[in-house]
Amino acid sequence: MAKKGRVFSGARPTGRQHLGNYLGAIQNYVALQDDYDCVYCIVDVHALTTVETTQDLRQNTFEMTLDWLAAGIRPEETILFVQSHVPQVMELHAYLSMVTQFGKLTDLPTFKEKVRQQPDNVNYGLLGYPVLMAAGIVLYKSDIVPVGIDQAPHLEFTRELVRSFNHRYNTKVLIEPQAKHTEILKVLGLDGKEKMGKSLNNHIEIASTPEETTKRVREMVTDPARQRKTDAGNPDICNVFTMHKIFSAQEEVDMINVECRRAGIGCVDCKLRYAANLNKNLAPFRAKRAELAANPNYIQDILHDGGNRARAIAEQTMIEVREAIQLP
Ligand code: SF4
């Protein structure tokens, strides 16, 4: 069946993926493959803007690739590659930077946020981040970019940049990508307050063992009003219940919804039920991951092949870009 166009998306090499990554992004990546030609990039160059040391970059890239593949990314059809393996992106970044107004970059909320987060390391890469991101998207002549609400300004920035470039050089060589607005599920961490993330250590890695998973689930914060088993609870404000709704059968969800409110089920029991369902759900993923992990050369081959296919598209775009600029 003919696909509807090309999707591009990138993510930083953050190593083993957690439940928030899985529900918020990876499952969407997998589903998009049915309708689109997908280009998925592990953006290691972007990561350099914030990492303090690069010693984990390779291992993190490997672990993340394992998770993506085990979750259902199909490398025979999808191009899965590492950003730094396609140097053409740096070249396009340079050309796009010539049509980027400095004030636009300093005004972006993400830049201001980074300045707040790392005031001692406000490097040029942070400022130029959206330009490199735009270069990555348009290099592959992507039609569609899946975006959550917080990334929408960056995609709009990319679209403006494409218009500026095409106008400046009187060309149509670069394509304005369209946003595919996706409801990115916000998964809360074990604290039940903040978004799940490694930096807060409130996460559950999807590749954890069932025992580790259960241990982490037991740490989850529940309805704070439930001090004792005999206190009635409110599942509507409990993150364990939210997760039950994703991973447990409807019958069990309905039962907890009733029993929690009349103190008919304890939080420990409720959490153990969730852990069991989560482990059962992730079992095929974990089996596949273990199989892939036993063959690291295969993972390297996939990234190598993805890099080759990505470079072929990228170089063709750059031939057209250089021609449009009329570089000697
Ligand atoms: Fe949350 Fe379950 Fe405890 Fe109710 S019984 S407060 S839903 S963990």
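Taking GLU176, is it in contact with a strand residue (DSSP E or B) (Cβ under 6 Å, 6 or more places away or on another chain), at negative phi and surrounded by 14 or more Cβ atoms within 10 Å (Cβ to Cβ)? So GLU176 does not fit the description; no. Scanning segment 101-110 turns up no residue that is assigned by TED's automatic domain parsing to the domain that holds GLY136 and touching a Ser or Thr at 6+ places or on another chain (Cβ under 6 Å). Among the residues of segment 1-20, write down those that are open to solvent by 40 Å² or more (accessible area, probe 1.4 Å) and under 11 Å from ASP67 (Cβ atoms). If the condition is that a residue be open to solvent by 40 Å² or more (accessible area, probe 1.4 Å) and under 11 Å from ASP67 (Cβ atoms), then THR14, ARG16 are the ones that fit. Just one residue in the set LEU57, LEU66 is surrounded by fewer than 20 Cβ atoms within 10 Å (Cβ to Cβ), out of contact with any strand residue (DSSP E or B) (no Cβ under 8 Å at 6 or more places or on another chain), outside the structural domain of MET220 (by TED's automatic domain parsing) and not charged (D, E, K, R); that residue is LEU57. Contact annotation: residue pairs with Cβ atoms under 6 Å, 6 or more positions apart or on different chains, pairing a residue in segment 98-109 that is surrounded by 11 or more Cβ atoms within 10 Å (Cβ to Cβ) with a partner that is of a type outside the set (S, T, N, Q), are VAL99/PHE165; VAL99/ARG168; THR100/VAL131; LEU105/LEU127. Screening the candidates ASN257, ASN239, ASN279 for the property of being at pLDDT 95 or above and closer than 30 Å to ARG74 by Cβ yields one hit, ASN279. Counting only helices (runs of 4 or more DSSP H) wholly contained in segment 180-287, the ones carrying 3 or more residues that are open to solvent by less than 20 Å² (accessible area, probe 1.4 Å) and within 16 Å of the ligand (Cβ to nearest atom) occupy 239-247, 250-261.
The values are calculated or read from the model by the stated rules, or taken from the named source; none is laboratory data. Model, not experiment: these values are computed from the prediction. Here Cβ is always computed from backbone atoms with ideal geometry, including for glycine, and neighbour counts include all displayed protein chains. Heavy atoms of the whole protein, side chains included, go into the accessibility calculation; ligands, DNA and RNA do not. Shrake-Rupley method; radii C 1.70, N 1.55, O 1.52, S 1.80 Å.
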